[in-house]
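Structure first, then comments.
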Amino acid sequence: MVAFQVAPGSIYNVSSGKSVSIQNCFKILLILFNIPVEATRDPASVRENDIPGQVCRAVQFNRFTGWKSEIGLARSLEDLLNHGRKKTRTGLE
């Protein structure tokens, strides 16, 4: 339904508006995969001009459609993982 409510040709960010680190995503995925892994940061891979963090602002989309995030990151990652597992088992594209 949202596709019919937005202005044609406009670009909108859709997000919770919360900052989430890659480290946090990784920790959630490790729990979901149930894999014992120890992650370490390679100082050689960290660049001086790396952006330490970003937050997607979905204000325009939220204001225009009234949409707000209702499903948390952990649940979203779990749903995505389960969808991938189902596709793998059934051979869906």
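Please determine, by comparing only the residues of region 20-49 that are outside any loop (DSSP other than H, G, I, E, B) and touching a helix residue (DSSP H, G or I) at 6+ places or on another chain (Cβ under 9 Å), which one is nearest to S10 (Cα to Cα).
Here the residue is C25.
Does region 36-58 contain any residue that is touching a residue at least 40 places away in the same chain (Cβ under 8 Å), out of contact with any Ser or Thr (no Cβ under 9 Å at 6 or more places or on another chain) and not polar (S, T, N, Q)?
no
For region 50-93, give me each residue that is among the aliphatic types (A, V, I, L, M), surrounded by 11 or more Cβ atoms within 10 Å (Cβ to Cβ) and in a loop (DSSP other than H, G, I, E, B).
V55, A58, listed by residue number.
Please tell me if R75 is under 19 Å from the mean Cα position of the chain (by Cα) and basic (K, R).
yes
Of the residues D50, D42, which is over 16 Å from the mean Cα position of the chain (by Cα), at pLDDT below 85 and of a type in the set (D, E)?
D50
The values are calculated or read from the model by the stated rules, or taken from the named source; none is laboratory data. Quantities reported herein were computed from a predicted structural model and do not represent experimental measurements. Positions of Cβ are backbone-derived with ideal geometry, glycine not excepted, and every protein chain shown enters the neighbour counts.
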